[in-house]
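Q: Here you go, one structure.
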Amino acid sequence: MADIDTFMGRAPVIPVLVIDRVEDARPIAEALVAGGLPVLEVTLRTPAALDAIREMKKVDGAVVGAGTVLDPDQLDTALEAGAEFVVSPGLTDRLGRAAADAGVPFLPGTATTGDIMRALDLGFFRLKFFPATAAGGLPVLKAMTAVFGQVRFCPTGGITLASAPEWLAEPAVACVGGSWLVPRGQAIDPEAIRARAAAAAQLRSR
């Protein structure tokens, strides 16, 4: 199984997806992959999420993971559904140990220096910074990376196509998570999704 650096390095943006209807999963995945964003995070926030992971994995080129994983039980169900990586909004000892034992690429959420130190204690050096904007934005992340130079981040939460370049210019940022690619509550328009993905795929961190 690939390590977390492989997933974080595939594209500058990882779409963060809330899927309400299973039948939307494949068209969304096909549009995002066609636009140049192959790594997809399906959040476990809806009853359709696990089946959406299964459907998206049928799309050529799609690399599908599970987000909003809160505990070891959800970790297990995500892996059973075929998730290739796992993302959490935070980090507990139980979840961190379960992810390590499972050998799955894991991106735990952090927002403070204490969170980062807990992650390092558990052996995780690739972290989600969440909620990125609400937690203080880029100034806070820069202050923390001055202390934890070995860590690379995927900031998520409140980032947009307009603000992403500033985040990606920070050397400690490997990629960003974006919910703007497929806004929840809007009708699924594959061509519009593909266009948003293509614009995001052009962003570069270097």
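Q: Given the structure, is Met56 of a type in the set (A, V, I, L, M), at pLDDT below 95 and farther than 16 Å from Ala200 by Cα?
A: no
Q: Let me ask something else. Exactly one of (1) crowded, with 20+ Cβ neighbours inside 10 Å; (2) among the β-branched types (Val, Ile, Thr); (3) closer than 14 Å to Ile28 by Cβ is unmet by Val173. Its number?
A: Evaluating Val173 over (1) crowded, with 20+ Cβ neighbours inside 10 Å; (2) among the β-branched types (Val, Ile, Thr); (3) closer than 14 Å to Ile28 by Cβ leaves (3) as the failure.
Q: Based on what the data block shows, is Gly185 part of a loop (DSSP other than H, G, I, E, B), small (Gly, Ala, Ser), within 17 Å of the chain's Cα centre (by Cα) and within 30 Å of Glu23 (Cα to Cα)?
A: For Gly185, the condition - part of a loop (DSSP other than H, G, I, E, B), small (Gly, Ala, Ser), within 17 Å of the chain's Cα centre (by Cα) and within 30 Å of Glu23 (Cα to Cα) - is not met.
Q: Out of all the residues in segment 118-141, which are assigned to a loop (DSSP other than H, G, I, E, B), farther than 15 Å from Val151 by Cα and either of a type in the set (A, V, I, L, M) or under 18 Å from the mean Cα position of the chain (by Cα) (or both)?
A: Pro131, Ala132, Thr133, Ala134, Ala135
Q: List the residue pairs whose Cβ atoms are under 6 Å apart, where the first residue sits in segment 1-25 and is within 15 Å of Pro155 (Cα to Cα), the second is among the acidic types (Asp, Glu), and the two are 6 or more positions apart or on different chains.
A: Ile14/Glu41; Val16/Glu41
Q: While we're here: Which residues, taken from segment 126-144, are under 16 Å from Pro89 (Cβ atoms), among the charged types (D, E, K, R) and either touching an Asp or Glu at 6+ places or on another chain (Cβ under 6 Å) or surrounded by fewer than 16 Cβ atoms within 10 Å (Cβ to Cβ) (or both)?
A: none
Q: Separate question: Does Val63 satisfy the criteria of being modelled with pLDDT of 95 or more and closer than 21 Å to Ala200 by Cβ?
A: Yes: the conditions hold for Val63.
Q: Then there's this: Test Gly9 against the stated conditions and say whether it is of a type in the set (Gly, Ala, Ser) and under 18 Å from Gly177 (Cα atoms).
A: yes
Q: Let me ask something else about it. Specify the residue that is nearest to Arg126 (Cα to Cα); the eligible residues are those in segment 145-164 that are exposed (fewer than 14 other Cβ atoms within 10 Å of the Cβ) and within 19 Å of the chain's Cα centre (by Cα).
A: For segment 145-164, the residue satisfying everything is Thr160.
Q: Please go through (1) of a type in the set (A, V, I, L, M, F, W, C); (2) assigned to a loop (DSSP other than H, G, I, E, B); (3) closer than 16 Å to Asp3 by Cα for Phe153 and return the number of the only condition it doesn't satisfy.
A: Phe153 satisfies all of (1) of a type in the set (A, V, I, L, M, F, W, C); (2) assigned to a loop (DSSP other than H, G, I, E, B); (3) closer than 16 Å to Asp3 by Cα except (2).
The values are calculated or read from the model by the stated rules, or taken from the named source; none is laboratory data. Bear in mind the structure is a predicted one, so any value in this text is a computation, not a measurement. Here the Cβ is made from the backbone with ideal geometry for all residues, glycine too, and neighbour counts use every protein chain on show.
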